[in-house]
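The values are calculated or read from the model by the stated rules, or taken from the named source; none is laboratory data. As the structure is a computational prediction, the values presented were derived from the model and not from experiment. Ideal geometry is used to build each Cβ from the backbone, glycine not excepted, and the neighbour counts take in all protein chains shown.
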């Protein structure tokens with residue numbers, strides 16, 4: 001058994017400051033030379049950029065459904081064997097979703113640190129903390145941190161409202177310098193924020209003035225958890241189904257929704273990865289298959305339209321029948337036209353027929369699974385656009401524990417060697433299906 005202090009940073013709702021606190025705590029200890037490993041609960045591409053910058057290490061997702069209990073246990077145990085501190089950022093509210101962040105905490109003994117935006121409350125803060133701690137039985141508990149506090153007097157009222165004084169882990173004052181910038185899909189990617197590290201340092205220094213921030217590694221041992229290794233026969237080893245294949249992966253500010261675990265999975269299956277940037281108008285590198293991941297093509301529509309070198313090389317790739325997996329934003333750029341929310345029309349690459357329209361509100365959100373002849377991939381959907389196309393869906397994704405989508409899931413479109421969908425896949429959930437996505441038969445290529 002491997003043991004390590006392990007804290008799940010949760011909140012009563014989204015927007016309370018979980019990412020800021022998690023990143024601040026990671027940065028505080030990383031600056032002290034401690035080895036911190038951070039995970040993100042649930043499907044999320046954006047928060048991990050900040051958490052990775054703060055900790056100096058890759059960030060992986062934990063989700064009892066999408067990634068599975070065995071995968072979660074394996075990653076936590078490996079982290080406990082090498083880290084001084086494990087942090088897990090929750091998703092939405094502590095009890096939101098099935099499974100929830102609370103379910104993850106109870107399954108693995110992660111001690112819950114609740115972050116509460118206390119900017120508009122006083123005595124109710126204590127009721128909120130009590131409810132979060134006791135709503136479900138046997139929830140490992142660390143304490144509560146007040147965020148966006150007006151001043152010391154306000155902090156005193158919040159602390160005094162708690163039933164147990166030892167639950168008080170401090171207060172972060174309201175400070176614009178600690179706010180992480182956002183846009184329509186969530187946080188702005190850290191690499192696009194020039195002062196990202198300075199913001200994290202400011203947050204770490206603010207946290208250092210709280211009881212939580214003053215805790216040493218010895219103090220944190222009170223929240224130590226033992227993680228059992230995955231039993232023999234449960235561990236998943238990726239089969240070498242992509243050995244000898246070269247997969248090109250678009251990666252830049254427009255194509256940044258990439259799980260680190262997905263890259264690991266492709267390499268574990270034997271693939272060689274070659275990255276290129278459509279925004280830099282780079283030609284597709286020599287490859288057997290292409291992955292166009294999601295991201296923010298709508299923010300770079302004109303630059304993408306002008307990337308004629310990239311477009312031409314992808315067109316040639318498709319013409320030779322080599323496979324393409326285009327995921328959400330990666331699918332959008334292949335269509336004829338992108339309509340932005342301000343009514344502007346942007347010509348895209350025109351390699352698939354269709355028009356994609358951006359909207360102010362979410363068009364789809366939630367866990368989904370894609371079943372193909374080789375198996376079932378788990379993942380999720382999260383997008384603000386809709387697509388009108390003459391292509392017919394060859395199948396659709398389905399919600400968890402649903403055999404068929406009944407027309408409600410995301411379409412999987414196929415034209416020739418191109419497969420495209422709004423669905424974001426978690427590759428380790430079914431390596432055999434991943435191999436199918438990156439392998440197209442001669443018959444399919446001729447469609």
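Against the criterion of being surrounded by 13 or more Cβ atoms within 10 Å (Cβ to Cβ), touching a residue at least 60 places away in the same chain (Cβ under 8 Å) and within 14 Å of residue 47 (Cα to Cα), residue 193 does not qualify.
When you scan segment 225-248, do you find a residue that is part of a helix (DSSP H, G or I) and either surrounded by fewer than 21 Cβ atoms within 10 Å (Cβ to Cβ) or at pLDDT below 95 (or both), even just one? Steps first, answer last, please.
From segment 225-248, those part of a helix (DSSP H, G or I) are none; that's our starting set.
Taking every residue of segment 225-248 in turn, none turns out to be part of a helix (DSSP H, G or I) and either surrounded by fewer than 21 Cβ atoms within 10 Å (Cβ to Cβ) or at pLDDT below 95 (or both).
Is it the case, given these coordinates, that residue 39 is assigned by TED's automatic domain parsing to the domain that holds residue 144, assigned to a strand (DSSP E or B) and buried (at least 20 other Cβ atoms within 10 Å of the Cβ)? Can you show your working first?
Working: assigned by TED's automatic domain parsing to the domain that holds residue 144: yes; assigned to a strand (DSSP E or B): yes; buried (at least 20 other Cβ atoms within 10 Å of the Cβ): yes.
Against the criterion (assigned by TED's automatic domain parsing to the domain that holds residue 144, assigned to a strand (DSSP E or B) and buried (at least 20 other Cβ atoms within 10 Å of the Cβ)), residue 39 qualifies.
A single entry from 381, 389 fulfils the requirement of being assigned by TED's automatic domain parsing to the domain that holds residue 339, more than 24 Å from residue 272 (Cβ to Cβ), modelled with pLDDT of 90 or more and over 21 Å from the mean Cα position of the chain (by Cα): 389. Residues of segment 291-303 that are at pLDDT 95 or above and more than 17 Å from residue 421 (Cα to Cα): 303 alone.
Suppose the filter is closer than 24 Å to residue 101 by Cα, in contact with a strand residue (DSSP E or B) (Cβ under 7 Å, 6 or more places away or on another chain), buried (at least 21 other Cβ atoms within 10 Å of the Cβ) and not assigned by TED's automatic domain parsing to the domain that holds residue 257; does residue 180 pass it? Spelling it out, it is not the case that residue 180 is closer than 24 Å to residue 101 by Cα, in contact with a strand residue (DSSP E or B) (Cβ under 7 Å, 6 or more places away or on another chain), buried (at least 21 other Cβ atoms within 10 Å of the Cβ) and not assigned by TED's automatic domain parsing to the domain that holds residue 257. The conditions of being modelled with pLDDT of 95 or more and closer than 22 Å to residue 190 by Cα are not met by residue 45. The number of residues in segment 345-380 that are touching a strand residue (DSSP E or B) at 6+ places or on another chain (Cβ under 6 Å) and more than 29 Å from residue 306 (Cβ to Cβ) comes to 11.
Tell me which residues, restricted to segment 189-215, are in a loop (DSSP other than H, G, I, E, B) and either touching a helix residue (DSSP H, G or I) at 6+ places or on another chain (Cβ under 8 Å) or within 24 Å of residue 158 (Cα to Cα) (or both). If you could, list the steps in order and put the result at the bottom.
Here is the first cut: in segment 189-215, the residues in a loop (DSSP other than H, G, I, E, B) are 189, 193-195, 208-215.
Across segment 189-215, the qualifying residues are 189, 193, 208, 209, 210, 211, 212, 213, 214, 215.
From the list 30, 6, 23, exactly one residue is under 12 Å from residue 204 (Cα atoms), buried (at least 24 other Cβ atoms within 10 Å of the Cβ), in contact with a helix residue (DSSP H, G or I) (Cβ under 8 Å, 6 or more places away or on another chain) and assigned by TED's automatic domain parsing to the domain that holds residue 57. Which is it?
Values: 30 fails: buried (at least 24 other Cβ atoms within 10 Å of the Cβ); 6 fails: under 12 Å from residue 204 (Cα atoms).
Exactly one of 30, 6, 23 is under 12 Å from residue 204 (Cα atoms), buried (at least 24 other Cβ atoms within 10 Å of the Cβ), in contact with a helix residue (DSSP H, G or I) (Cβ under 8 Å, 6 or more places away or on another chain) and assigned by TED's automatic domain parsing to the domain that holds residue 57, namely 23.
Mind telling me which of the residues 417, 374 ends up being surrounded by 15 or more Cβ atoms within 10 Å (Cβ to Cβ), more than 26 Å from the chain's Cα centre (by Cα) and touching a residue at least 60 places away in the same chain (Cβ under 8 Å)?
On the way: 374 fails: more than 26 Å from the chain's Cα centre (by Cα).
Answer to the check: 417.
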